[in-house]
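Take a look at the structure set out below.
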Amino acid sequence: MGHLLALALLALDCLVRAWRIQLATWTAGARLSFSDALRLNLYGEAASQLTPNRLGGEPARFLGITEAGLRPVTGLVAIGVEVACEWPVFLAAFAALFVYYVPDWREAAGVWLRRHRAGELVTIEIIALVVLHRVRRQWRVALAHVRRAPRWVLGAGALLTVVSVAARALILPALAWGMAGRPPFSQMFFGALALIHAPLVVPLPSGGGGLEVAFMQGFAGDFGAAQVRMLLWWRFYSALLLTALGVAVLVRQLGYRAAVELFKIGWGKSRGTDSMPPRHPRRVRKRLGE
């Protein structure tokens, strides 16, 4: 039952994310088929999991939009509207995590500040600035177009994002369905929610092993003798399955070289084009009229 629930939640996540990019594309004045929406999200899933800080996700999705026959400007507008729908939900999720994990944050902050050196404070400030810089870069694209989008579109996109985020976080409690002595639901849900979004700030792809260490230490719950098994199944459903599908579809549709270029994003400068999506294969460029 747990595996069936996990698959259903993963399918729901894929479904609502496809609807969200379809809605954003419609707002930009174009149409995107469900199959194209599903495919470009698989591109994004694979690239985000295999690049530092998930930096390859948006270039891969933009590549999928243009591959579907949409103009690049339309694709940028659609992604901008989608980002405008996503970030309020992400900020609300971060606030919920903060309240859950630090209910007495005033007292904890006072103790922490008395025990730690100024150098550690500087490190945390640098991390915060890096995160804010990434948010600002994405919002520069979104804010140019979000004012033109109807308010109900932004609300619907935010609601779809809530469903997507909740579905992905519920995979771990679903896998523990019926397990004797399972951790409290809130610990599994908020732990999974935090670990899923950790790659946004952890520089290595897919958390770089830090997620596994945190899970094994009981961050998302103590599963006793089943700790390793739960970790493997949770990572399979929450990351590995869609990543493998995305890589397979991307290589089949765009070719090996295009996939490699996407997966190199964020690993360092390469002729000054590391932040740009790769050029389409010849057959795609011909279809797009390049």
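In sequence order, segment 228-236 has phi-based couplings of 5, 4, 5, 4, 5, 5, 5, 5, 4 Hz under the Karplus curve 6.51 cos²θ - 1.76 cosθ + 1.60, θ = phi - 60°, and Gly or Pro positions carry x.
Farthest towards the positive end of the charge dipole of segment 1-74, among the residues Ile65, Leu7, Ala30, is the Cα of Ala30, using unit charges on the Cβ of Lys, Arg, Asp and Glu.
Think of each Lys and Arg Cβ as +1 and each Asp and Glu Cβ as -1; about the Cα centre, that makes the dipole of segment 1-114 roughly 140 debye.
The distance between label points at Val213 and Trp26 comes to 4.6 nm (points 7 Å beyond Cα on the Cα→Cβ vector).
Computed across segment 22-106, the Kirkwood hydrodynamic radius from all distinct Cα-Cα pairs reaches 14.1 Å. Please state the shape class of segment 204-247: rounded when a/c is under 1.5, otherwise prolate if a/b exceeds b/c and oblate if not, all from the C-alpha gyration tensor. Judged from the Cα gyration tensor, segment 204-247 comes out oblate (a/c at least 1.5, b/c at or above a/b). Multiplying the residue separation of Arg151 and Met1 by 0.36 nm and removing their Cα-Cα distance gives an extension gain of 50.1 nm.
Model label sites at Val251 and Ala96, defined 7 Å from Cα along the beta-carbon direction, differ in position by 3.7 nm. In sequence order, segment 85-98 has phi-based couplings of 6, 7, 5, x, 5, 4, 5, 5, 5, 4, 5, 5, 5, 5 Hz under the Karplus curve 6.51 cos²θ - 1.76 cosθ + 1.60, θ = phi - 60°, and Gly or Pro positions carry x.
Bear in mind that the values in this text are calculations on the coordinates, not laboratory data. Remember, predicted model here, so these are calculated numbers, not experimental data. Positions of Cβ are backbone-derived with ideal geometry, glycine not excepted, and every protein chain shown enters the neighbour counts.
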